[in-house]
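Novice: The structure that follows is given in the form of structure tokens.
The values are calculated or read from the model by the stated rules, or taken from the named source; none is laboratory data. None of the values given here were measured: they were computed from a predicted structure. Cβ: placed from backbone, ideal geometry, glycine included. Neighbour counts: every protein chain shown. To get the accessible areas, we keep the full protein, side chains included, count just its heavy atoms, and leave off ligands, DNA and RNA. Shrake-Rupley method; radii C 1.70, N 1.55, O 1.52, S 1.80 Å.
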Amino acid sequence: MNKFTPTAMNKFTPAKPAGARSVDDITGSRRLRRMRKADWSRRLVQENRLTVDDLIWPIFVVDGRQVREPIAAMPGVFRLSIDLAVKEAERAAKLGIPALATFPNVDISLRDQTGSHILDPDNVINRATRAIKDAVPEIGIITDAALDPFTSHGHDGILRDGIIVNDETVEQVSAAAVIQAAAGADIIAPSDMMDGRIGAIRDALDANGFQEVAIMSYATKFASAFYGPYREAVGTAGLLKGDKKTYYIDHANSDEAVREAEQDIAEGADMLMVKPGLPYLDIIRRLKDEFQMPTFAYQVSGEYSMIKAAGANGWIDGEKAMLESLLAFKRAGCDGILTYFAPEVATMLKG
Ligand code: PBG
């Protein structure tokens, strides 16, 4: 008789031969593979999910009309003139993407030592905000108040005698935040890592009647090699000498990141961001556990480009790696992700 018939199994569990150790002896009756055995049971016990509501799409804007410039180091990403950015905003809204984050590439003639063009209410970022808000009022607009796309040296702050001066930069960034809010930005996201910027921006926004405009702090922004392709996109790659280690966090540090986030919350941040993303999942988890704040990751340009490049070479399955990386952010505790994959993944999720 076949000893695996249900009757034999139910009634008489045969004794194991002396000396043999079965898997059940080792694990008790726990077998974690039971729930993995079929698609339906895997779906039933899945702990984290990625949805379109998790996505923030960073886009690059430039002057002109009908401009769609490819960025060599970011296949599939373009610098768009405002008319085309509006079209993309319409597409994003249709896909259900909640918000866009805009970054400019301005002509070199507009860049100077202090990044003063950021204060021009008619610079390309502020015009893009007005145009997108006008055409697609339902999509959220997040603007970066950092100076780097506007300085002749590519740093995020005002450079004097080789030093990024903190307080003067904070004044400039706060003034820029008010101008961006006046143009219609819903969230100001300062990425410059100057001390005291969150409190100063909050005060400036409130003093000018923008109590409802939120602040997403790039609370823990690390000095990282993963920003390379972005610097090509905004045109700072050729300008920047040295690094940003005197203002971004040393990527060796984790306690310091917690202190940064704590400070930004005390100063009035509504949301926290960790940047870059995937190499810093430990920081995301620490911040979420410690503060229970809305917490976001920026899957930065280098992370995007690595997945795209390996996918294009057939070394990895690019689509699967994209989805896996984004779900990893959810598992680490993120409420959402800034990602250049946003339209691609939103299209997939919709389908
Ligand atoms: C600077 C800024 C950076 C990014 C956005 N704003 C980093 C840098 O150039 O040092 C990086 C975004 C990305 O890599 O996708 N304020």
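Novice: Just checking, how many residues over segment 230-254 are under 19 Å from SER109 (Cβ atoms) and in contact with a His (Cβ under 8 Å, 6 or more places away or on another chain)?
Specialist: 2
Novice: Name the residues in segment 230-256 that are within 16 Å of the ligand (Cβ to nearest atom), without any contact (Cβ under 8 Å) to a residue 40 or more places away in the chain and within 20 Å of the chain's Cα centre (by Cα), would you?
Specialist: Residues satisfying the conditions are ASP250, HIS251.
Novice: Here is a further query. Among (1) under 27 Å from GLY302 (Cα atoms); (2) in contact with a Ser or Thr (Cβ under 6 Å, 6 or more places away or on another chain); (3) of a type outside the set (S, T, N, Q), there is one condition ARG65 misses while meeting the rest; what is its number?
Specialist: With (1) under 27 Å from GLY302 (Cα atoms); (2) in contact with a Ser or Thr (Cβ under 6 Å, 6 or more places away or on another chain); (3) of a type outside the set (S, T, N, Q) applied to ARG65, the lone miss is (1).
Novice: Right, something else. For ASP282, state whether it is within 16 Å of the chain's Cα centre (by Cα) and either within 13 Å of the ligand (Cβ to nearest atom) or in contact (Cβ under 8 Å) with a residue 24 or more places away in the chain (or both).
Specialist: It is true that ASP282 is within 16 Å of the chain's Cα centre (by Cα) and either within 13 Å of the ligand (Cβ to nearest atom) or in contact (Cβ under 8 Å) with a residue 24 or more places away in the chain (or both).
Novice: Here is a follow-up. Looking at segment 160-172 only, could you name the residues that are open to solvent by less than 40 Å² (accessible area, probe 1.4 Å) and either in contact (Cβ under 8 Å) with a residue 40 or more places away in the chain or hydroxyl-bearing (Ser, Thr, Tyr) (or both)?
Specialist: Result: ILE164, THR169, GLN172.
Novice: Related question: Output the number of residues of segment 107-156 satisfying the condition of being open to solvent by less than 10 Å² (accessible area, probe 1.4 Å) and not in a helix (DSSP H, G or I).
Specialist: The qualifying residues number 13.
Novice: Which of the residues spanning segment 247-304 are part of a helix (DSSP H, G or I) and among the aliphatic types (A, V, I, L, M)?
Specialist: The answer is ALA257, VAL258, ALA261, ILE265, ALA266, LEU278, LEU281, ILE283, ILE284, LEU287.
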